[in-house]
Amino acid sequence: MSVSTVESPGSKTAIAVTPPAPATSERKGLTKKEIAADHPTWCPGCGDFSVLALYFKLIEKRKLEHEKITTVAGIGCSSRFPYFVQAHGVHYIHGRALALASGISLSRPDLHPFVFGGDGDAFSIGGNHFTHTARKNINLTYVVMDNWVYGLTKKQTSPTSPLGFKSKTDGWGAVDYPINPMKQAIAAGATFVARTTHTNPKHVLDMMEAAIDHDGFSFIECLSECVEFYEGAFDASNPRKGGEFITVPSDHDVRDEMAAYKLADMPFPGYFGIFYQASKPSKNTKEAEIIANAREKVKGLEDWQILQKTFDRLK
Amino acid sequence: MSDSVEAPAAAEPGGKGVSKVSEAVIRIAGNSQDGIQAIGGFLARLAGRSEQEVMTFMTIPSTISGGPSIFQVRIGSGEVLSAGDEADVLLAFYQHSYENHINSVRKGGIILFDADHVKAKPEWEGEYRHIGIPISSLTVEAIGGTARDKGKNIFSLGLIARMFDLNVPKLEKLITEKFTGKNPSIAQNAITAFHAGYSFSLGSLVDTFSFKDSVQRDRSQVVMNGNEALAFGLIAAGVRFGAGYPITPWSDIMEILRRDLPKYGGSFIQCEDEIASVSMAIGGSYAGRVAVTGSSGPGIALKSEAIGWAVMAEVPLIIVDVQRGGPSTGMPTNVEQSDLNIACFGGHGDAPRVVLAPSNVEDCFYSAIEAVNIAHKYNTPVFILSDQAIATRIEAFPEPDLASLCQNIMQDLAPVEDFKPYDLSTPDGTVKRIVPGTRVMSGKYPVATGLEHDEMGHPSGSPKMHALMTAKRRKKMQSLADTLPKPQVYGPPEGNVLLVGWGSTEGPIREAVDRSRAAGDSVSSLHIRHINPLPPGLADIFSGFNHILVVEMNDGGLGGYGQLAALLRARFTDGRIRGVNKVEGITFKVKEILERMKTAVAEKVQAS
């Protein structure tokens, strides 16, 4: 990621004029102080703090170039994320962050957008985009901070709320079968599917690192407790609360889709780690190939000359 | 055909006369799979290459295959403003084509019909010249083999070429070009069919014609439809990324961009839905240069929330709306101008955006460039309001000077010292934005946001900040309005009636002005390309007329005036602004405008 030219052949002045950044090995990673912006508006004790802290860690550890960090979110508590990161960021509309981030990724191959959102954003209003971003294998990382509840709007049933969860829209307990994010991602064709939880910081960072190294769409479900509206939801996965944190068995083959699906079928707390990873060309790669083939045919021509050739056929 | 028949210049042996004409309207009616668009396309392209003016009009059924379809082409040696109210020649392939379209032919016009499928009606034979030719069987005879009557369109083109003394070598070249790359026998069959039609002894049955010489032009012409012109305009303007979802009649534009952008190093992405399309385009714009999305009515409605975000976040975006009949699925393959309101006002909150409406095919090309430049400078969404009529009609226009028009709009990534994305201190409200990859030396990076925000893009619930930022977004529109040219009145700047139009109605409105003035009536017209913000000088122009009639293809509503008229009335509180509206899914005929204008003027005179 040290190349500082923008991919836009055929344009005279498209070369980026950013001075070349020093090689990653020589560069100092950004400090938390440099990368932290507004103080988060989350409630004290919210799981999202941990995800933010680990994103900072990732930036520091992987020595990401400041100007290339692009953080995108939709709407929800977790989606306030970009305001808390001192870097280029987008706070978009509800459910559509993936589509916007795809536009960034596909038009700027030098950037790796990180998208943060909640379960409502990802699996309810944005469900269609989740499916299609996954199947198109667009190069970006999507971290869903799943808290099983609508928090920003103060406790309505979410698409991942378990049956029986008492919310303001289901006073008698949730009746709709919840979505299983892991199954959803695997079935949609995501090429990197991982599960983690905010109470295990090292594991969150491991997953983020694996995701950023993945070529294509990487999806992380990160359990992130809403202490205000769903306290204790994930205690069964937290050893400090008497639960169990069980990692994906060491003999699990991440290339085995059916095995991944079986892991995803385990009842809560289930497994944590990389369930599935496939090596398939990303849409970015495929589009780059289409461009390279097309450019080959118009080699040496200025943009206006290419258009002129088209117009000559319209006479 | 205008111009009276002159003395026969050269009588064909045993045949009729040859007349010189300055223009002709030919309507071809058949079914959608008969290739009648191809005949029209050849005629239009030939006109372009012959320095003639041309305008076409077509309808296609909204079903996939089958169903009646027409293509009308008007070719002239002088200026051609509309596709013509009445046809001089109808070429009818079937009984239904004959019966449904004979009314569109002027009395005394020529009906050329396929005698294999059409039985002429005796009651019409007195009113029109009927020429029955067994087109299907002659085509089969000419081509032979298994092609059946495929090729009867090209056979018919031969007939028309003979009837109008068209340039045969140029047509042969066009046919060969069209079929190049396919099986060589197909091109050969097409040429054979063409010559079979051309050598049919048509001259013995009916007058033939030849076009008067047209004015020599300094630049050669290009021939294309509005969707093509719009797509190529976007490319010339430097757009290199976009996203869309298929919908008629917008899809052509996305197909062209998908096919052509890679040549320029760009790409166009087909998305899962309209909302993803607008979002992805916004992502592309945010990350680099102005990107495009587009749709037709229903899709525009779906994009509305995201467009509001682009207004709020001040991210440039081009939204193409190829209007069709609405609401809902409405009339997908018919024309209407009923999306002006959604373009100007669609969405929640005070969300000012720019709306341009190209008035003809050539203008689609230049409006696209203008739209991109406005979006780029003002960091705002810009609508291009095209419609089904412009999208599908073919015109010839002077070839643009691409070397000087093509531009690069990529944001450079030069580091900046400090950056405020929503700086309130600039005089016109605009800020030169920066994109990801740009280093900010102060270490303070911008957030693009849909929440009301402070100058750095961080959320602000301050009442004062909301007022300031709302004013900033409005101020950009005002600054833009100040730079717009005052529109030119067509005809004298003062008079009795001013016809006001926008979009694809320019041609018929101008023709209505020409005819009125020729008849001694005091009529002028004004065509508004900048719908939002409106250009300066309109109140002045309106003050020079007694009647201001806004001609538009949408409903007159409860007040008797349509969408542009409502906008103008709200802005200028001028009760003289009234509507001439039509919602039949087809374009205005010149005579309809004239009749409706007379009625409207008479009503007002009576009332006063």
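The values are calculated or read from the model by the stated rules, or taken from the named source; none is laboratory data. All values derive from a computational prediction rather than experimental measurement. Here Cβ is always computed from backbone atoms with ideal geometry, including for glycine, and neighbour counts include all displayed protein chains.
Select the helices (runs of 4 or more DSSP H) contained entirely in the range B:323-419, then report the ones holding at least 3 residues which are touching a strand residue (DSSP E or B) at 6+ places or on another chain (Cβ under 8 Å).
Numbers: elements: B:340-345, B:361-378, B:388-392, B:402-405.
The qualifying helices (runs of 4 or more DSSP H) are B:340-345, B:361-378, B:388-392.
Criterion first (more than 14 Å from chain B (Cβ to nearest Cβ), in contact with a Gly (Cβ under 9 Å, 6 or more places away or on another chain) and in a loop (DSSP other than H, G, I, E, B)) does A:His203 satisfy it? Steps first, please.
Details: more than 14 Å from chain B (Cβ to nearest Cβ): yes; in contact with a Gly (Cβ under 9 Å, 6 or more places away or on another chain): yes; in a loop (DSSP other than H, G, I, E, B): no.
Judged against the criteria, A:His203 is not a match.
Residues to consider are B:Tyr245, B:Tyr264; find the one that is at the interface with chain A (Cβ under 8 Å from one of its Cβ atoms) and farther than 27 Å from B:Ile75 by Cβ. Walk me through how you get there before you give the answer.
Working: B:Tyr245 fails: at the interface with chain A (Cβ under 8 Å from one of its Cβ atoms).
Going through B:Tyr245, B:Tyr264 in turn, just one is at the interface with chain A (Cβ under 8 Å from one of its Cβ atoms) and farther than 27 Å from B:Ile75 by Cβ: B:Tyr264.
Is there a residue being basic (Lys, Arg) and closer than 27 Å to A:Leu58 by Cα anywhere in the range A:162-181? First the steps, then the outcome.
Looking only at the range A:162-181, we keep the residues that are basic (Lys, Arg), and these are A:166, A:168.
So of that shortlist, the ones also closer than 27 Å to A:Leu58 by Cα come out as none.
There is no residue in the range A:162-181 that is basic (Lys, Arg) and closer than 27 Å to A:Leu58 by Cα.
Name the residues in the range B:420-446 that are in a strand (DSSP E or B) and surrounded by fewer than 16 Cβ atoms within 10 Å (Cβ to Cβ), would you? Lay out the reasoning, then the answer.
Quick first cut of the range B:420-446, residues in a strand (DSSP E or B) only: B:440.
Once the filter is applied, which keeps residues that are in a strand (DSSP E or B) and surrounded by fewer than 16 Cβ atoms within 10 Å (Cβ to Cβ), the range B:420-446 yields nothing.
Among the listed residues B:Glu314, B:Glu417, B:Glu370, which satisfies the condition of being more than 30 Å from B:Ser69 (Cβ to Cβ), free of Cβ contacts under 8 Å to residues at least 24 places away in the same chain and outside the structural domain of B:Ile70 (by TED's automatic domain parsing)? Walk me through it before giving the result.
Details: B:Glu314 fails: free of Cβ contacts under 8 Å to residues at least 24 places away in the same chain; B:Glu417 fails: free of Cβ contacts under 8 Å to residues at least 24 places away in the same chain.
After ruling out the rest, the residue left standing is B:Glu370.
Has the range B:123-136 got any residue that is closer than 16 Å to B:Asp34 by Cα, in contact with a helix residue (DSSP H, G or I) (Cβ under 6 Å, 6 or more places away or on another chain) and surrounded by 16 or more Cβ atoms within 10 Å (Cβ to Cβ)?
Kept after step one, since they are closer than 16 Å to B:Asp34 by Cα, are these residues of the range B:123-136: B:134-136.
Cutting the leftovers down to in contact with a helix residue (DSSP H, G or I) (Cβ under 6 Å, 6 or more places away or on another chain) gives us B:135-136.
Going one step further and asking which of them are surrounded by 16 or more Cβ atoms within 10 Å (Cβ to Cβ), we end up with B:135-136.
Yes: the range B:123-136 contains one or more residues that are closer than 16 Å to B:Asp34 by Cα, in contact with a helix residue (DSSP H, G or I) (Cβ under 6 Å, 6 or more places away or on another chain) and surrounded by 16 or more Cβ atoms within 10 Å (Cβ to Cβ).
I'd like the full set of residues that are within 7 Å of chain A (Cβ to nearest Cβ) and either over 16 Å from A:Asp38 (Cα atoms) or crowded, with 19+ Cβ neighbours inside 10 Å (or both), limited to the range B:447-457.
First, the residues of the range B:447-457 that are within 7 Å of chain A (Cβ to nearest Cβ): B:447-451.
Result: B:Val447, B:Ala448, B:Thr449, B:Gly450.
Output yes when any residue across the range A:139-151 is crowded, with 24+ Cβ neighbours inside 10 Å, at the interface with chain B (Cβ under 10 Å from one of its Cβ atoms), assigned to a strand (DSSP E or B) and more than 11 Å from the chain's Cα centre (by Cα), and no when none is.
no
Pull out all pairs, ordered by first then second residue, where Cβ-Cβ is under 8 Å, the residues are six or more apart or on different chains, the first lies in the range B:170-187 and is of a type in the set (Gly, Ala, Ser), and the second is at pLDDT 85 or above.
Final answer for the pair search is B:Ala187/B:Ile175; B:Ala187/B:Thr176.
Considering only the range B:285-298, state which residues are within 19 Å of B:Asp321 (Cα to Cα), within 11 Å of chain A (Cβ to nearest Cβ) and assigned to a helix (DSSP H, G or I).
B:Ser285
Taking the condition over 29 Å from A:Gly126 (Cβ atoms), modelled with pLDDT of 95 or more, within 13 Å of another protein chain (Cβ to nearest Cβ) and not in a loop (DSSP other than H, G, I, E, B), does A:Glu34 pass? Walk me through it before giving the result.
On the way: over 29 Å from A:Gly126 (Cβ atoms): yes; modelled with pLDDT of 95 or more: yes; within 13 Å of another protein chain (Cβ to nearest Cβ): yes; not in a loop (DSSP other than H, G, I, E, B): yes.
For A:Glu34, the condition - over 29 Å from A:Gly126 (Cβ atoms), modelled with pLDDT of 95 or more, within 13 Å of another protein chain (Cβ to nearest Cβ) and not in a loop (DSSP other than H, G, I, E, B) - is met.
Find the residue count for the range A:267-282, including only residues that are over 21 Å from A:Pro178 (Cα atoms) and in a loop (DSSP other than H, G, I, E, B).
5
From the set of residues in the range A:263-315 that are β-branched (Val, Ile, Thr) and within 9 Å of chain B (Cβ to nearest Cβ), which is surrounded by the most Cβ atoms within 10 Å (Cβ to Cβ)? Don't jump to the end; show me each part of the working.
Taking the range A:263-315 and keeping what is β-branched (Val, Ile, Thr), we get A:274, A:285, A:290-291, A:298, A:306, A:310.
Within this subset, residues satisfying the condition of being within 9 Å of chain B (Cβ to nearest Cβ) are A:290-291, A:298, A:306, A:310.
On the way: A:Ile290: 14, A:Ile291: 22, A:Val298: 18, A:Ile306: 20, A:Thr310: 18.
My answer is A:Ile291.
Run B:Glu172 past the list (1) within 28 Å of the chain's Cα centre (by Cα); (2) under 19 Å from B:Gly48 (Cα atoms) and report the number of the one that doesn't hold.
(1)
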